[in-house]
Amino acid sequence: MRALPRLLLFLGLAYLTYVLFHEASLARKNPDVDPSKIVMLFAATVLVGGTSAIIVVSMVLPAIGDAVGNFFFQPSEEIEKDPHSTAQAALARGDYAAAVDEYKGIIAEDPMDTLSYSEIAKISCEHLNDAAGAAAILEEALQREWPPDDAAFLTARLVDVYWKYQRDIRGARALLVQIMENMPGTRHAANAEHKLKELEQQIALEG
């Protein structure tokens with residue numbers, strides 16, 4: 001709505017420019033008119049026209065652009081904050097315990113946030129030397145009812161903890177077999193089968 005007064009002002013000046021130009025044109029065709037009047041009319045036309053152009057460039061066009069942007073993108077609406085941003089900031093500055101606490105707070109608000117479970121497990125294993133804590137939170141999460149994709153994601157994270165950090169080969173193998181049996185014909189089953197082959201190859205190498 002703020003663009004409307006500016007637009008009306010521009011239209012008024014544009015109309016005045018047209019009237020002055022028309023009067024100047026008529027005066028130029030009339031031999032009885034004082035030449036100085038013709039010059040003044042044309043000068044007024046240029047002045048008013050220039051003012052109109054300045055208003056368009058500096059006021060009307062930006063206002064119209066803002067209106068179009070608001071219509072399509074609604075920037076005036078508050079952008080929703082990423083719930084993980086505070087935890088990610090703590091992780092970036094190396095405050096790993098604080099990052100875990102932030103992710104736990106997110107889970108308290110949204111128990112179905114799979115990313116928070118995964119990040120807690122990752123930070124616990126890689127930075128806090130707490131593979132047992134990582135396994136515990138994933139095991140607790142998997143006690144819930146999950147959509148198949150989310151369940152497979154969390155189970156795969158737990159496999160990594162068992163296998164890479166706790167050396168619990170039997171536990172990792174049991175989870176992979178569980179994915180293959182519960183989700184046959186899916187990419188999750190194919191990934192589990194591939195990982196199971198890697199695990200069994202490692203067992204064979206280790207004797």
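Bear in mind that the values in this text are calculations on the coordinates, not laboratory data. Owing to the predicted nature of the structure, the values given are computational and were not obtained by experimental measurement. Reconstructed Cβ throughout: ideal geometry from the backbone, glycine too, with neighbour counts over all protein chains shown.
Details
- Pairs beyond 20 Å (Cα-Cα), from 81/122; 164/197; 122/197; 104/195: 81/122; 122/197; 104/195
- The mean sequence separation of alpha-carbon pairs under 8 Å and at least six residues apart, normalised by the residue count of the range 83-207, gives a relative contact order of 15 percent.
- For the range 159-207, trypsin sites (Lys or Arg not before Pro) are listed when DSSP marks them as loop and at most 13 other Cβ atoms sit within 10 Å of their Cβ; the list is 167.
- Within the range 101-171, GluC sites (Glu not before Pro) in DSSP loop having at most 16 other beta-carbon neighbours inside 10 Å: 145
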